[in-house]
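Structure record follows, encoded as structure tokens.
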Amino acid sequence: MLNISNNQLHKKVNLKKYKSGTTIFDKEYYKMFNRFLLIFAGMGFVLLFLPWTQNITGKGLVTTLSPEQRPQTIQSQIPGRIEEWFVQEGDFVKKGDTIMRISEVKSDYFDGKLIERTSEQISAKNASVIAYNEKVAALQRQIKALKNEQQLKIEQAKNKLLQSKLKVKRDSIDFVAANTNVKIATTQYNRTLTLQKEGLKAVKDVEEKRLKLQETDAKRISQENKLLGSKNEILNAQLELSRIQVAFTDKISKAQSEMYTAKSAGYNAQAQVSKLENSNSNYKVRNSLLYVTSPQNGYINKAVKGGIGGTFKSGEDLVGIMPANYELAVETFVRPIDLPLLHLDEKVRVQFDGWPAIVFSGWPTISYGTYGAKVVAIERFISPNGKYRVLLAPDAKDHPWPEVLRVGSGAKTIALLEDVPIWFEFWRQLNSFPPNYYQPENGSKNSKVSKN
């Protein structure tokens, strides 16, 4: 019966003539199982043509929609030492409430009356500025008086010079007249001498003419000396004019130099006043920083720097706070190959950790426990994990997200793309092809998801 022999019996003898042969060879084996396989194959073939929604899955965390609503840590702008706590972990604080009191650790700010002493220095410097301004005003008045006096002295010297010039002019005329008289006296003397030699004049007449000639010549010499003296007075007047200009220029320059020195000292004092006022303002602000306050309404999460007496550096985290009012969102990450498939307002299904769900990624309409979301932001630069960050906001047209959901919990996301037959999705997965690339109509993808 095993047909292992070369002499096959069933080819020589008809075994169905026997009752046992008829029972064995005509019996149908696994009839129900074969029917089940046939039905299952038919259902599987029909299933291949059912619609399947292509999707992009990812993992992320629950966060907030606005950056100012996200958990944050509070730092101090100055280094210090913790002196007193006013809150406990889990307390609710309002904006401006005091969280802790700190003290200075730098010796430059140990003085408790630092602001008062700085104010006194400012007052003293302001008085110095006023004194310098008064000195500048006095020097300006002195310079003005010197300039007026200089003008008067110059006018006086010019008048004297003019007088000297007129005097020279007058003496010049007198000198010319004296020369003329000398010439006339010389002519008369020569004429008288000639007549005396001819016997027409007496010797006495000649002597009188000689005496008159000598007197006239003496007057000419005297007039010449007077003319030279007048010219010398002109030189003296010009010299006096130059001396006055030089002297007053020196005085005025000296007064101006003192004025500019006083102005420079006043400006320096004013700069010191500004510097002290700046320091005083900084001291006041620094004193206000000795109380660490809440930047917004929220809950104290954790005291990062605990205890009393502990020191810290500026910018070091002191305490964490969670804003009281926030709008939830989900940040998820997608592969670079899937990034071109996502667009703003893209429909996404979200499954939160801690909420039971039955998810059929290809049939979102029959999924249970997922919530609707839409894409509101797509990061333009890749994240350190090698993927692109996508921010999701709740879909107002879908079920509201759980009220007890907390920031930081995990989430799984399913971005819904095109509807394709199941056989096409199998073929795509076997060939490792990406989902169909498409552009949404009117800037957004048509909704394919109904409420669960």
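The values are calculated or read from the model by the stated rules, or taken from the named source; none is laboratory data. Keep in mind it's a predicted model, so treat the numbers as computed, not measured. We place every Cβ from the backbone using ideal geometry, glycine too, and count neighbours over all the protein chains shown.
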Going by the structure shown, is Arg101 part of a strand (DSSP E or B), over 30 Å from Thr249 (Cα atoms) and out of contact with any Lys or Arg (no Cβ under 7 Å at 6 or more places or on another chain)?
-> yes
Filter the stretch 126-160 down to residues that are of a type in the set (A, V, I, L, M) and either in contact (Cβ under 8 Å) with a residue 24 or more places away in the chain or not in a helix (DSSP H, G or I) (or both) and give me whichever is nearest to Lys263 (Cα to Cα).
-> Val136
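Here is a yes/no grid of residues against (1) at pLDDT 90 or above; (2) over 37 Å from the mean Cα position of the chain (by Cα); (3) within 30 Å of Gly307 (Cβ to Cβ); (4) aliphatic (A, V, I, L, M):
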{"position": "Val93", "(1), (2), (3), (4)": "yes, no, yes, yes"}
{"position": "Ile122", "(1), (2), (3), (4)": "yes, no, no, yes"}
{"position": "Gln140", "(1), (2), (3), (4)": "yes, yes, no, no"}
{"position": "Leu146", "(1), (2), (3), (4)": "yes, yes, no, yes"}
Do we find that Ala255 is part of a helix (DSSP H, G or I), touching a Leu at 6+ places or on another chain (Cβ under 7 Å) and of a type outside the set (Lys, Arg) in this structure?
-> yes
Considering only strands (runs of 3 or more DSSP E) fully contained in the stretch 335-452, which possess at least 3 residues that are at pLDDT 70 or above, touching a Pro at 6+ places or on another chain (Cβ under 6 Å) and under 29 Å from Gln72 (Cβ atoms)?
-> none
So, of the residues in the stretch 104-159 that are of a type in the set (D, E, K, R) and touching a helix residue (DSSP H, G or I) at 6+ places or on another chain (Cβ under 6 Å), which turns out to be nearest to Asn282 (Cα to Cα)?
-> Lys125
Does Gln245 satisfy the condition of being under 30 Å from Ile122 (Cβ atoms), surrounded by 12 or more Cβ atoms within 10 Å (Cβ to Cβ) and not aromatic (Phe, Trp, Tyr)?
-> no
Among the residues of the stretch 42-83, which ones are without any contact (Cβ under 8 Å) to a residue 60 or more places away in the chain and crowded, with 18+ Cβ neighbours inside 10 Å?
-> none
Answer yes or no: is there a residue in the stretch 267-281 that is closer than 30 Å to Gly320 by Cα, modelled with pLDDT of 90 or more and part of a helix (DSSP H, G or I).
-> yes
Matching option when the condition is part of a strand (DSSP E or B) and in contact with a helix residue (DSSP H, G or I) (Cβ under 8 Å, 6 or more places away or on another chain), among Ile74, Ile56 | Ile56
From Leu228, Leu213, Leu239, which residue is of a type outside the set (S, T, N, Q), part of a helix (DSSP H, G or I) and in contact with a helix residue (DSSP H, G or I) (Cβ under 8 Å, 6 or more places away or on another chain)?
-> Leu213
All but one of (1) surrounded by fewer than 14 Cβ atoms within 10 Å (Cβ to Cβ); (2) not in a loop (DSSP other than H, G, I, E, B) hold for Asp111, so report the exception by its number.
-> (2)
For Thr186, work out the one condition from (1) modelled with pLDDT under 85; (2) surrounded by 12 or more Cβ atoms within 10 Å (Cβ to Cβ); (3) touching a helix residue (DSSP H, G or I) at 6+ places or on another chain (Cβ under 8 Å) it doesn't fulfil.
-> (1)
Is it fair to say Ile300 is among the aliphatic types (A, V, I, L, M), in contact with a Gly (Cβ under 8 Å, 6 or more places away or on another chain), at pLDDT 90 or above and not assigned by TED's automatic domain parsing to the domain that holds Tyr371?
-> yes
Set Lys201, Lys197, Lys167: member being exposed (fewer than 13 other Cβ atoms within 10 Å of the Cβ) and in the same structural domain as Leu139 (by TED's automatic domain parsing) = Lys197
Given the conditions (1) closer than 30 Å to Gln223 by Cα; (2) not in a helix (DSSP H, G or I), every one holds for Thr194 apart from (2)
In the stretch 248-298, which residues are closer than 18 Å to Ser128 by Cβ and loosely packed, with under 14 Cβ neighbours inside 10 Å?
-> Tyr260, Ser264, Tyr267, Ala271, Ser274, Lys275, Asn278
